[in-house]
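Take a look at the structure set out below.
The values are calculated or read from the model by the stated rules, or taken from the named source; none is laboratory data. Computed from a predicted model, the values in this text were never measured in an experiment. Here the Cβ positions follow ideal geometry from the backbone for every residue, glycine too, while neighbour counts run over all protein chains shown. The protein model used for the area step is the full one, side chains on, heavy atoms only, and it has no ligands, DNA or RNA in it. Shrake-Rupley method; radii C 1.70, N 1.55, O 1.52, S 1.80 Å.
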Amino acid sequence: MKKLVTGIAAISCAAMLLVSCGGNKKAASAKAAEAKGYTFGEGQTFHSDEPVTYSIFFSDASWYPKIDTWESEGVFKKITDATNVKLDIISYDSGDYNQKVNLAINSGSAANIIPKIYSEDQYVAGGGIVAVSDYTQYMPNFTAFVEKYDMEADLDTIRQADGKFYRLPGLHQAPLQDYTLEVREDIFEAAGYNIREIEKDWTWETLHDVLVGVKKYMVSAGLCSEKDYIWSDLWCGESGKGQGGNLLKLMGASYGVLSGWAIEGSNGGIKYDYDKQEFYSSSISPDFKKFISVANSFVKDGILDPETFTQSDDVANNKFYNGKTVIKSTNRSSMANDNASLKKILGEGNYKLYVTAYPAGTNKNLAETSRLECGVMISQKALDDLGEAEFIKMMRFVDWMFYSSEAYTLTKWGPEGETWHYVDVNGMKVKQLLPGYKCGGLGIGGADTDTDIRLKWGYACGNYFYGHSTAESTDNFTPDVQDLYARYGKYKTVAKVDPKAKPTEDEREQLNLWAVPLIDNINAWTLKFVTGQKDVNKDWDEYVASCKNLNVDKIVAKTNEIYKKQSK
């Protein structure tokens, strides 16, 4: 393991910098002169001489739903104004976005551009998506970033058996951990716990013991009853995809296993052992047994509400905002809203909120290890309908929209001078929203009467801005968030990224046939263990046997066979 990237630890300085589109940026490439009817280039705005329309899928989140003003005067209109490209939005509710995208691709009716994709593996064999690596030569912003930050090895982790990759991932200069836990610090203090000191070397077992003490205090103070739970989390139930979502991902990573959101696309919790130089299933490992035992202890001892794994996110949030619970998950986009909601319901001065560097397990690793994140697929239908020349033109636009600093700033902050401006802070240019504006998506709060630029116009919407340099991806961080990342640098580590076995289409099909029922089985058992419907000690052997009956050993053997073959 290596210490968290130095640039992250020094984030309070890096966050103040903005990567300029000027300076030593290259001029438009020679190929720009060959393109007819449009302009493009690294550091240049893509612009089509004639109006053009590209269809694009959209994952519509219920907590900031798309409204008409996003297209009539907001982010989508501004994209059109800049590029002469109109985006034909095909919107699906975020809860079933993946399912709807899957159906569209399989039926041959997919949109041209398919964003918000975390894994492309299931689509490769069907021929419904394009091998985008064949077209990155036409994407100057993408290729410049890869070259500047030496990301070829990162891209190798998403290449398929044919040596190509089929998803344009978000590219990060360095990995950034987004999700963590926050607590009602005032109640922890009243119970006698200094969370800022405890978090320096705490484990999940430590958190368990502290929460037992906090609940004991709350019962004695009449803040809850013995039968009440003081932790009822979000991103685990309806949005957890039946897998335990964010919480089990965080906890699992702390024990070196894949669970929750992290198990998706893993062929059954498959990880790589660098000491043994082979793949294995983390889902039936001793570390997994330890992980689910600790997770279960929170439920068994009346701390974590088992409804966490079935309820909606709104229910979980409301319990925290109303003071019924004292700990929950959060991320950068939610922090400002969490604070504003507590202030509105409990009143200013009646609470203290603290965002923690979440506990360790058998390791201090952050859950995030990769410099890649969710990204964009391009449908084969787009290539078929547009033809090669017009398809390349669309890829030039995709390059601008997802990989240029100009589009990143536009889709994240809005137009300079309309929603934000630069201010001078100790001699450095820093972005700041103009008076009268706030943004939950950027973690920037404000008065009730202020306009939220995400709700009103769709800026800082999670569909369209990923990755980028550390300076850009942190340019909205408040001092509190900068402090969190500094603490990550002190208390946490980054694990080595696992290599990837690259199966052929036939091998992938076989692995998928084995993996789908296996993962369903692992998820079902995991939640039963965690919620106490199954006993970790008494029923562990039965669980392992069920996984073996569903071909976990064959998946491990096949994965190692594929990896050794490609390594020769």
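Applying 1/(1 + (r/R0)^6) with R0 = 25 Å to the Cβ-Cβ distance of Gln99 and Gln566 gives a FRET efficiency near 0.20. With both labels modelled 7 Å from their Cα along Cα-to-Cβ, the Ala153 to Glu406 distance reads 3.4 nm.
Working from label points 7 Å from Cα in the Cα-to-Cβ sense, the Val212 to Asn84 distance is 6.9 nm.
Each part gets one Cα centre, and for the range 420-481 versus the range 166-199 those centres are 20 Å apart. Kindly provide log₁₀ I(q)/I(0) values, in the same order as q = 0.10, 0.13 Å⁻¹, from the Debye equation applied to equal alpha-carbon scatterers of the range 201-341. Summing over Cα pairs of the range 201-341 leads to -0.38, -0.62.
Express in whole angstrom the spacing between the alpha-carbon centres of the range 68-134 and the range 334-369. Each part reduced to its Cα centre gives a spacing of 32 Å. Using alpha-carbon positions, what is the distance between the centroids of the range 508-566 and the range 274-305, in Å? So the separation of the two Cα centres works out to 14 Å. Taken over the alpha carbons of the range 475-568 as equal point scatterers, the Debye sum produces base-10 log I(q)/I(0) values at 0.13, 0.19, 0.20 Å⁻¹ of -0.74, -0.90, -0.93. Structure note, pairs Lys148/Lys271; Lys100/Lys528; Lys215/Lys352; Lys241/Lys492; Lys227/Lys249; Lys271/Lys538: Cα-Cα distances above 19 angstrom occur for Lys148/Lys271; Lys100/Lys528; Lys241/Lys492; Lys227/Lys249; Lys271/Lys538. The average projected area of the chain, computed from the convex hull of its Cα atoms over all directions, is 25.8 nm². Using a probe of 1.4 angstrom and keeping all protein chains present, the accessible surface of the chain works out to 42 square angstrom per residue.
Once you compute Rg and the Kirkwood Rh from C-alpha atoms, what is the Rg to Rh ratio for the range 338-424?
Numbers: Rg = 21.8 Å, Rh = 18.5 Å.
On the Cα set of the range 338-424, Rg over Rh gives 1.18.
Rg then Dmax, both in Å and based on the Cα atoms of the range 217-265: 14.7, 46.
Considering only the range 372-464, what is the antiparallel percent among its DSSP beta bridges, to the nearest 5?
Details: 7 of 10 bridges.
Among the beta bridges of the range 372-464, antiparallel pairing accounts for roughly 70 percent.
Taking the Cα-to-Cβ direction at Asp424 and at Thr45 and moving 7 Å from each Cα, how far apart do the two end points lie in nm? Roughly 2.8 nm, to one decimal. DSSP bridge analysis restricted to the range 312-470 gives an antiparallel fraction near 70%, rounded to the nearest 5.
Of the peptides 94-102, 482-490, the ranking by mean beta-carbon count within 10 Å, highest at the top, reads 482-490, 94-102. State the percentage of accessible surface on the chain attributable to carbon and sulfur atoms; use a 1.4 Å probe and exclude ligands, DNA and RNA. Reported share for carbon and sulfur atoms: 48 percent. Put simply, the C-alpha atoms of the range 360-485 give a gyration tensor, and the ellipsoid matching it has half-axes of 30, 22, 14 Å, longest first.
Expressed in Å, the radius of gyration and Dmax of the Cα atoms of the range 265-372 are 18.0, 56.
Given +1 at the Cβ of Lys and Arg, -1 at the Cβ of Asp and Glu and no other charges, the dipole of the range 153-199 around its Cα centre is 420 debye to the nearest 20.
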